[in-house]
Every structure is written in structure tokens, then in C-alpha cells.
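Just so you know, all these numbers are worked out from the coordinates, no wet-lab data involved. Everything numeric here is computed off the predicted structure, so don't read it as measured data. Backbone-built Cβ (ideal geometry, glycine too); neighbour counts: all protein chains shown.
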Amino acid sequence: MSKPVGPYTPIVRGGDLLYTAGQIGIVDGALVSGGLEPELRRVFVNLRGVLLSAGVSLSDVVKTTVFLADIDDYAAMNSIYVQEFGEHRPARSAVAVAALPLGARVEIEAIATV
């Protein structure tokens, strides 16, 4: 699990739900290079790590929010997102934003059941 780049908790429990902070494609505090695909693959590595730290996995995720710095990345994001989640389909919102931390192209936050 990557160390947070700000003063926040990566995952918090509220009743039977776990809420993750947004995950970007960082390793050792630096954004991975190469564009959307390597960033998004790293987002999922980081998301899995945060979930695992609370004893759950991607299959326990019930809702995600995807933040894209460029809405034109939507189709490419969908392709990778489906590969990462497999047959599991949590509810999802995807929104375009003006900017993301460290110049990231994508960020994902998740809600999972305990």
C-alpha cells in the first residue's frame, strides 16, 4: 500500500461499510509514468492494498467513483476497469475533473462491505 500524499486516512470503517480515500497511480510518492493505462493499473494495485489492509478485496466493493482528468479517457478506462473487476460490477460514477493530485489522469475511490 502506498503512503498517502496528504493528511488523510486511506480507509475508514463506518458500520458495515469501508470507505477508501481516492487512489491514484503512485509508487513511493511519485506518479507512475506512461499515461492512463500504467496509472490505472497502479490505481488498482493501490486500491487492492488498501482494501486488503482492512481484510476485504475488490469483490467486496459495492460502489466506486472514478475521477478522470480527461473525459476522452472514458472508453480506455472502462476497458481496464472491466479487466480489473472481472465479472464483479459494483455501482459506479465516473466524472471529469479539472485536475487531480500530482497531475494524475485518474483517481478511484471505493465503498466496500465488511
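Note on the stretch 58-114: among residues that are touching a strand residue (DSSP E or B) at 6+ places or on another chain (Cβ under 8 Å) and of a type in the set (S, T, N, Q), the one that is farthest from Leu47 (Cα to Cα) is Ser93. Restricting attention to the stretch 102-114 and to residues that are touching a Lys or Arg at 6+ places or on another chain (Cβ under 8 Å) and in a strand (DSSP E or B), the residue that is nearest to Gln23 (Cα to Cα) turns out to be Ala110. Scanning the stretch 71-101 for residues that are assigned to a strand (DSSP E or B) and among the hydrophobic types (A, V, I, L, M, F, W, C) yields a total of 4.
Set side by side, the residues Gly34, Gly6 differ, and just one is touching a residue at least 60 places away in the same chain (Cβ under 8 Å) and either buried (at least 18 other Cβ atoms within 10 Å of the Cβ) or over 19 Å from Ala94 (Cβ atoms) (or both), which is Gly6. Would you mention how many residues in the stretch 23-55 are in a loop (DSSP other than H, G, I, E, B), over 15 Å from Ile108 (Cβ atoms) and touching a strand residue (DSSP E or B) at 6+ places or on another chain (Cβ under 7 Å)? Residues that pass the stated criteria total 1. Filtering the stretch 9-31 to residues that are touching a helix residue (DSSP H, G or I) at 6+ places or on another chain (Cβ under 9 Å), loosely packed, with under 14 Cβ neighbours inside 10 Å and of a type in the set (A, V, I, L, M) leaves Val27, Ala30.
Find the residue count for the stretch 2-22, including only residues that are under 12 Å from Glu107 (Cα atoms) and either among the charged types (D, E, K, R) or assigned to a strand (DSSP E or B) (or both).
So the first thing to find is which residues in the stretch 2-22 are under 12 Å from Glu107 (Cα atoms), and the list is 20-22.
From the residues that got through so far, the ones that are either among the charged types (D, E, K, R) or assigned to a strand (DSSP E or B) (or both) too are 20.
Going through the stretch 2-22 one residue at a time, the tally reaches 1.
Residue check: Val82 meets all listed conditions (1) touching a helix residue (DSSP H, G or I) at 6+ places or on another chain (Cβ under 8 Å); (2) over 15 Å from Gln23 (Cα atoms); (3) not basic (Lys, Arg) but one, namely (1).
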